[in-house]
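The values are calculated or read from the model by the stated rules, or taken from the named source; none is laboratory data. Small disclaimer: the values here were computed from a predicted structure and weren't measured. FYI the Cβ positions are ideal-geometry reconstructions off the backbone, even for glycines, and counts take in every protein chain you see.
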Amino acid sequence: MAKFKRVLLKLSGESLMGSQEYGIDSQRLNDYATQIKEIVEKGVQVAIVIGGGNIFRGLSGSTQGFDRVKGDQMGMLATVINSLALGSALKNHGVSNRVLTAIRMEPIGEFYSKDKAVESLEKGEVVILSGGTGNPYFTTDTGSSLRGIEVEADVMLKGTRVDGIYTADPEKDPTATKYEKITFDEVYSQGLKVMDLTATAMCKENNLPVIVFDMDTIGNLVKVIDGENIGTYVYN
Ligand code: UDP
């Protein structure tokens, strides 16, 4: 039995690279599509936000001499590219989906509105919410918290390459241990890097819990949906 009825799944753009140094790894894309299909078939309503770091990041663009706003716009377009790729992979797996964009760019995708997103979710369609928040100086983590709150998701599932939140960086500190649960306040007070502060504040203020888990291990997404404690649960 699925523990959640409606989820906002955040996928990292960087993970989409798989073993490559840039761009989209088709194996990883198909692995994501397979995992998403599994939870859709359980009747879970799925909204997805995907990052763009495998293609472009505004902040690194500004160190290369791009104006920050232009760089962020390039980053937002990168999330649209990833969203289209995920949408077609899902379609190939027989999962109907709709890509909405935070910035008008028909016919690439329809302009986002809460009503359109919820209408699709209620029909059992996956919605991929691309273009972040549509504004520079934000991240797709903030885009995920915003959209998750807007569509009234039960939880935000933050799929990463690590299996949760640790007391310290486990790659640097062998004594680091994983939290099974942690409050938003503890995340702040301990300065843990879960998401950027804006995204964390949005989730805290609007009471949207977050589960951080390893999305790159096939089968994990359905375990999270079934309520298995495989990641870290962040709550108020
Ligand atoms: N971005 C933005 N506004 C948003 C979301 C994203 O300007 O609301 C830009 C920003 O430049 C960011 C890039 O898009 O660096 C890619 O998104 P993100 O870094 O969140 O992707 P990820 O790190 O998850 O791959």
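A few points about this structure:
- Those residues of the range 135-174 which are within 18 Å of Ser120 (Cβ to Cβ) and within 11 Å of the ligand (Cβ to nearest atom), in sequence order: Gly143, Ser144, Leu146, Arg147
- Figure legend. Inter-residue proximity from the range 55-79: first residues in a helix (DSSP H, G or I), second residues near the ligand (Cβ under 6 Å from one of its atoms) and among the charged types (D, E, K, R), beta-carbon distance below 7 Å, spacing 6+ or different chains. Indicated pairs: Gly58/Asp72; Gly75/Arg57.
- Residue within the range 202-216 that is more than 25 Å from Gly43 (Cβ to Cβ) and in contact with a Phe, Trp or Tyr (Cβ under 8 Å, 6 or more places away or on another chain) present: yes
- Residue list for the range 38-54, restricted to those being β-branched (Val, Ile, Thr) and buried (at least 24 other Cβ atoms within 10 Å of the Cβ): Val46, Ile48, Val49, Ile50
- Residues that are near the ligand (Cβ under 8 Å from one of its atoms) and either aromatic (Phe, Trp, Tyr) or surrounded by fewer than 21 Cβ atoms within 10 Å (Cβ to Cβ) (or both), drawn from the range 56-67: Phe56, Arg57, Leu59, Ser60, Gly61
- Gln35 passes every criterion in (1) within 16 Å of the ligand (Cβ to nearest atom); (2) touching a residue at least 12 places away in the same chain (Cβ under 8 Å) apart from (1).
- Restricting attention to the range 188-205, the residues that are within 17 Å of Lys158 (Cβ to Cβ), out of contact with any helix residue (DSSP H, G or I) (no Cβ under 6 Å at 6 or more places or on another chain) and modelled with pLDDT under 95 add up to 4.
- Figure legend. Inter-residue proximity from the range 124-148: first residues assigned to a strand (DSSP E or B), second residues buried (at least 24 other Cβ atoms within 10 Å of the Cβ) and of a type in the set (Lys, Arg), beta-carbon distance below 6 Å, spacing 6+ or different chains. Indicated pairs: Leu129/Arg147.
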